Structure formats: structure tokens, C-alpha cells
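Have a look at the structure below before the remarks.
Laboratory data are not the source of any read-out in this text; all were calculated from the coordinates shown. Predicted model only: the values in this text are computed from it and were never measured. A quick note on method: Cβ atoms are made from the backbone with ideal geometry, for glycine too, and the neighbour counts reach across all protein chains shown.
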Amino acid sequence: MAERTTRGAGTEIGARVLRLRTDRGLTQRALAEPGYTAAYISTLEAGKVSPSEAALRYLADRLGVSFEELSTGRPAHLATGLRLRLTDARQTLAAGEPAEAAAQYAALAEEAGQLALPAEEAAARTGLGDCALETGELTEAIGHFEAAEGLLADQPLPQRVPALRGRAVAHLLAGDLRYACYLLETAIDQLNASGLHDPHALLLLYSAVIAPYMDLGAQPRAARAAELALALAPQVADPALVARMHRGVARTLLAEGRAAEADASLARAQELYQQLQIRTELAHCHWMRGYLRAQEGDLDRAEHELRTARGILAHRRATLYTRQIDVELADVLRRGGRPEEAEQLLTDLLDELTPERGAVHGGGAHRLLGLIAEERGDLPAAEHHYRSALTLLEHAGAAADLADLCRLLGDLLRRTGRPEDALDTYRTGLAHRATPGTTTLGPAPAGPPV
């Protein structure tokens with residue numbers, strides 16, 4: 001019979017077999033027969049042989065313990081208890097208490113590490129990353145997600161996808177759109193090329209890649225990702241994941257001018273989040289519905305939805321997200337004839353939105369401040385804000401917004417008697433318009449057989 005474990009592990013296992021056999025009052029022969037001999041048990045207990053998996057399973061059954069406990073020395077209930085407490089921590093985070101959830105996850109990660117339970121420690125590290133995303137600590141979040149991926153390095157890709165997806169979202173929020181796409185597209189290609197068509201993992205990836213595609217101006221890719229996500233959804237039992245997917249799909253529908261379908265998708269997501277009592281994600285639905293109402297010109301309802309979203313997230317100290325909502329809200333206020341309120345709101349949040357932390361929305365804030373300055377006739381201030389927006393959006397690679405911003409700046413330069421500068425700016429905008437949506441991978445990832 002082949003013996004596959006190391007001599008050191010065999011010595012530890014032999015000592016456990018001896019202890020358990022003695023506790024149960026069994027002789028070596030009584031433990032061994034009929035599958036093995038007393039001599040084999042004697043050799044095993046002396047640490048002179050390393051048992052095979054088949055032998056371990058046989059002896060575990062005879063000794064009345066689990067295979068895991070006999071092979072590792074850890075009672076099976078320890079891992080089960082950790083998993084139950086991980087569920088409690090997820091519930092705490094879903095209820096909008098990231099600080100409390102982070103404390104729970106940190107304790108679980110330390111305990112799982114001490115017990116040498118890498119899967120449970122990775123789940124706790126991923127939870128810590130999610131907590132850091134909620135509070136806008138993006139560098140910290142990336143560190144936790146990378147640690148989780150490292151713990152699962154020898155596991156199949158589907159098990160690493162939640163941590164990988166979290167890392168991509170952190171890079172997206174930091175303004176690194178292309179790298180976020182690279183991470184997600186690479187994982188999608190690896191899953192499909194290797195035949196690992198795990199519906200849960202693929203739905204996580206396709207739902208996550210919609211946002212960077214949209215910011216990069218890659219509308220066809222975003223629409224395709226949404227189409228594949230919808231096809232995968234019936235195979236996934238996690239309602240929170242399905243709700244997140246509906247929220248992402250709504251964004252592509254809105255971009256295609258299908259406002260009624262987008263609203264229906266958001267309503268479905270909102271219903272699921274309310275049933276699950278996931279307050280933070282529910283806030284994101286209000287946020288998206290506010291954006292939808294603003295696009296339709298219903299500014300009163302847009303303001304109501306955005307303020308509702310902001311109130312939920314501010315209560316939960318999700319600072320980065322509330323700053324992003326403030327940019328949307330300022331646009332609604334400006335369009336509603338309240339430029340002073342909009343300007344004050346934008347000025348207050350500018351320090352929070354940097355190239356490393358919300359570059360796309362920081363660019364949006366400067367764009368709006370430029371429009372407000374231009375409308376009151378302060379052209380130097382308008383130019384300053386437009387150029388600041390360009391710097392932020394170029395850093396993020398947000399081609400969809402860059403082309404429009406170049407048009408605004410070009411018009412301003414032309415009106416102030418600088419036609420050559422205006423022409424250069426228009427050319428830059430046309431270049432962004434001509435090549436939207438390019439990512440570091442080039443070709444879009446292949447789709448799964450759904």
C-alpha cells in the first residue's frame with residue numbers, strides 16, 4: 001500500500017492513533033482488523049510509517065473520529081464553528097456596520113491562522129477587504145484581498161474569485177480602470193479556457209466588470225457582460241449576488257436608452273436587498289435610481305433618491321461612496337437652478353477625491369465646478385477646473401468622459417481667443433472618442449457556453 005505523507009506528519013499521526021486507541025481501551029489487533037495487522041498499527045504508532053489516505057479513513061472510522069481530526073489533529077467542529085461565525089460577520093457588514101464587522105473578521109482570521117485553516121482564514125481576509133472597501137480604505141482593502149488570494153494559491157481559480165473580484169473593485173475605486181479590467185478579464189478567460197465554468201464565480205466577474213467597461217467607454221463589452229450575467233443568474237442560488245448583477249445590468253440598459261428596463265432591473269435588485277436587509281447595497285440601488293431619474297429630467301425625484309442613498313451610506317460611514325453620490329447630487333442641484341448649493345457641496349468634497357481615491361468622480365466634480373464657473377462668467381476658474389478634471393480622468397483612462405470634457409475645454413479656449421489651443425484640445429477629444437473602451441488585454445474575453 002502506497003504511503004504518501006511525510007515522516008514528520010506520520011510521527012504526529014502515530015501519536016494521535018496511540019492516544020485515541022488507548023482512550024478507547026482498544027488493543028492494536030482490535031483496532032487493526034480486519035483491514036490491517038497489529039504489526040502495522042505498532043509501526044504506525046511508533047512513527048516509522050506514514051499512513052495513506054485510505055488507511056487514515058479506515059482508522060478514523062474505527063476510532064470514531066473524523067478523517068480531518070485524525071489527519072490534522074483539529075476537531076471538525078472547530079472549522080464548522082468558524083464558518084458559522086463568518087456568516088455572523090457577513091450579516092454585520094450587510095447591516096451596515098463595517099467597523100464592528102472588521103473586528104469580527106480580524107478575530108476570525110487570527111483564530112483560523114492559529115488552527116491552520118487556510119480556507120476560513122482567506123474568507124476572513126476577504127471579509128476584512130470588503131469592510132475596508134466600505135470605509136474607503138483602498139490600500140488596506142487591496143492588502144487583505146491579496147492575502148486571501150495567497151492563502152488560496154494552491155486552490156482552483158473559482159475559490160479565489162471572491163478575493164480577486166474584491167481587489168479589482170478596489171483598483172476601480174482608486175481610479176485604475178484598466179488594471180481592474182485586466183484582473184477581471186484575465187480571470188474570465190482562465191475560467192472559460194480551462195473549462196471551469198463555475199456559474200457563481202463567472203457571475204461575480206461579469207457583474208464586476210460592467211462598471212470599469214462603462215467608465216472606459218466600452219459600451220459593447222459592458223452590454224455583452226450584462227447579457228452573459230443574465231444568462232448565468234438562474235444557475236446561482238445567492239440572491240445577494242443576483243441583486244448585484246441586476247444593479248450592474250441596469251447601468252448598461254440605461255446607457256442604451258432603455259430606461260424602463262433599467263428601472264425594472266433596479267426595482268428587482270432593490271426588492272432582493274430589502275428582503276435580505278442588506279442596507280449598503282440597497283443604498284446603491286437608490287443611488288442608481290437617482291441617476292436614472294436625473295437622466296430622465298425628473299430632478300425632484302432624482303434628488304430624493306440620491307439623498308436617501310447618501311443618508312444610508314453616511315450613517316454607515318461609507319465615506320468614499322457618499323462623496324461619489326455628492327457629485328451626482330451636485331449635478332442635480334446645478335441643473336435645478338441651485339448652483340451655489342452645488343458649488344459648496346463640490347468644494348467640500350474635492351480633497352477626498354484624489355487620483356488614488358475616486359479619480360473618475362473627482363474629475364466629475366471639477367467638470368461641474370467648471371460649468372458653474374463658466375455659467376457665472378468666471379472663465380479662468382472654469383479653465384482651471386476643466387484642466388484639473390482632464391488630469392484626473394486621463395490618470396484613470398476614463399475615455400467616455402474625456403471626449404466630452406475636451407469639447408467643453410475646447411469651446412472655452414476658442415471663445416477666449418486661443419483657436420490653436422482649442423484645435424489641439426478638440427483633436428485630443430476626437431482621439432478618445434475614436435478609440436473608446438480599449439483595455440490592456442485587447443480582445444474581449446471569451447464567453448462561457450451558456
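At 7 Å along Cα-to-Cβ for each site, give me the label-to-label distance between THR139 and ARG24 in nm.
Placing both labels 7 Å along Cα→Cβ, they lie 5.5 nm apart.
With a 10 Å cut-off between alpha carbons and a GNM built on the chain, which of LEU108, LEU191, LEU430 moves the most?
LEU430
Normalised by the empirical 2.2 N^0.38 Å for globular proteins, what value does the Cα Rg of the range 66-117 take? Mind showing how you got there, number by number?
Numbers: Rg = 12.8 Å, N = 52, 2.2 N^0.38 = 9.9 Å.
Compactness ratio reported: 1.30.
Taking the range 338-380 on its own, what percent of its Cα-Cα pair distances exceed 13 Å? Please report the intermediate quantities before stating the final value.
Values: 467 of 903 pairs.
Cα-Cα pairs of the range 338-380 separated by over 13 Å account for 52 percent.
Can you divide the C-alpha Rg of the range 318-441 by 2.2 N^0.38 Å and report the result to two decimal places?
Against the compact-globule rule of thumb, the ratio is 1.05.
With a ≥ b ≥ c taken as the square roots of the eigenvalues of the C-alpha gyration tensor of the range 82-194, please select rounded if a/c is under 1.5 and otherwise prolate if a/b is larger than b/c or oblate if it is not?
Oblate, since a/c reaches 1.5 and b/c is not below a/b.
Would you mind getting me the FRET efficiency between ARG178 and ALA255? Use the beta-carbon distance for r and R0 = 22 Å, nearest 0.05.
Values: r = 19 Å, r/R0 = 0.88.
Working from the Cβ atoms, E equals 0.70.
Can you tell me, using C-alpha contacts under 8 Å and at least 6 residues apart, the relative contact order of the range 256-313 as a whole percent?
Dividing the mean separation by the residue count of the range 256-313 yields 32 percent.
For a quick check, take a GNM of the chain with Cα springs below 10 Å and name the residue from GLU256, GLU146, GLU33 with the largest mean-square fluctuation.
GLU33
Which one of GLN235, GLN28, GLN190 has the biggest mean-square fluctuation once the chain is modelled by GNM with Cα springs under 10 Å?
Largest GNM mean-square fluctuation: GLN28.
Just need the relative contact order of the chain here, percent rounded to a whole number, with Cα pairs under 8 Å and 6+ apart.
12 percent
Which value does Rg/Rh take for the chain over its C-alpha atoms, Rh per Kirkwood?
We get a ratio of 1.12 for the chain.
How large are Rg and Dmax for the range 7-72 when calculated on the C-alpha trace, in angstrom?
According to the Cα coordinates of the range 7-72, Rg and Dmax are 10.2, 27 Å.
Normalised by the number of residues in the range 318-441, what is the relative contact order in percent for Cα pairs under 8 Å and 6+ residues apart?
Working: 141 pairs, mean separation 21.7, N = 124.
Normalised by residue count, the contact order of the range 318-441 is 17 percent.
Classify the range 238-308: rounded, prolate or oblate, from the alpha-carbon gyration tensor (a ≥ b ≥ c, eigenvalue square roots; a/c under 1.5 rounded; otherwise prolate if a/b is larger than b/c)?
Oblate.
Take the Cα atoms of the range 176-288, build their convex hull, and give its volume per residue in Å³. Before the final figure, lay out the partial values.
Numbers: hull volume 10.8 nm³, N = 113.
Given the Cα convex hull of the range 176-288, per-residue volume reads 95 Å³.
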